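The values are calculated or read from the model by the stated rules, or taken from the named source; none is laboratory data. Here the structure is a predicted model, which means the values were calculated and not measured. Methodologically, a virtual Cβ is constructed for each residue, glycine included, from the backbone with ideal geometry; neighbour enumeration extends over all protein chains shown.
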């Protein structure tokens, strides 16, 4: 009986030990799986972070590459001639910006202005109409001011004098609108001319290199040809930029001139209807 209990006890101890060993192994495997999953997660986060960091870096490198390429091509185009082309661009843009600002400020609501002016003249308030013209910017207001001053004058209030005064002032204001446009056209013509001059100089440099080397290989010719082509390209680009601004300026000048012509006709009708005008 004691042997039977001893055998049962030994079997129970062995079974408990085996169960404990299996449970320990399972815990170890589970721990290893958790650790592996954690490591994989950390690695994935690290890769994602590196990709996130590398993406702006790549974009920045591309942007730097573009600016670096432009700067390199500018230097390769011979600093002397490229500087002249750049000066033409800067001065041309300065005149363009000045004209755009001037013409933009000269634009007003012509219909509203002429209606208010007609109401004042119809009410016999010519002095108030003159003050209104003085307080309004633009060529239309200046032409209207001259017409109102003639209408308010005792010796110049006939229709012929008023018409002549309007036409003369319109010509003066038209010349103000086109002021400095000749400089813009000069730089438009100068930029490609400087580029072509650089082309000729580059060709001369290429022939000099061929003469010194005694060989007509592409390596010898490439340097001078590069200068020739780059200066021409930059000169044409500058001319195109200035030409766009110039066409925009001409469109604004035409609009203001058309407004002046319409205002001149309305002024004549307005003065004829006024009691102060000598028929």
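Residues checked against (1) in a loop (DSSP other than H, G, I, E, B); (2) assigned by TED's automatic domain parsing to the domain that holds residue 236; (3) modelled with pLDDT under 90; (4) in contact with a helix residue (DSSP H, G or I) (Cβ under 6 Å, 6 or more places away or on another chain):
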residue: 165; (1), (2), (3), (4): no, yes, no, yes
residue: 176; (1), (2), (3), (4): no, yes, no, no
residue: 193; (1), (2), (3), (4): no, yes, yes, no
residue: 196; (1), (2), (3), (4): no, yes, yes, no
residue: 204; (1), (2), (3), (4): no, yes, yes, no
residue: 207; (1), (2), (3), (4): no, yes, yes, no
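Identify, by number, the condition in (1) surrounded by 13 or more Cβ atoms within 10 Å (Cβ to Cβ); (2) closer than 16 Å to residue 261 by Cα that residue 171 doesn't meet.
(1)
Among the numbered criteria (1) in a helix (DSSP H, G or I); (2) more than 30 Å from residue 96 (Cβ to Cβ), which one does residue 141 miss?
(2)
Are any of the residues in segment 112-123 out of contact with any helix residue (DSSP H, G or I) (no Cβ under 8 Å at 6 or more places or on another chain), exposed (fewer than 13 other Cβ atoms within 10 Å of the Cβ), in contact (Cβ under 8 Å) with a residue 40 or more places away in the chain and part of a loop (DSSP other than H, G, I, E, B)?
No: zero hits.
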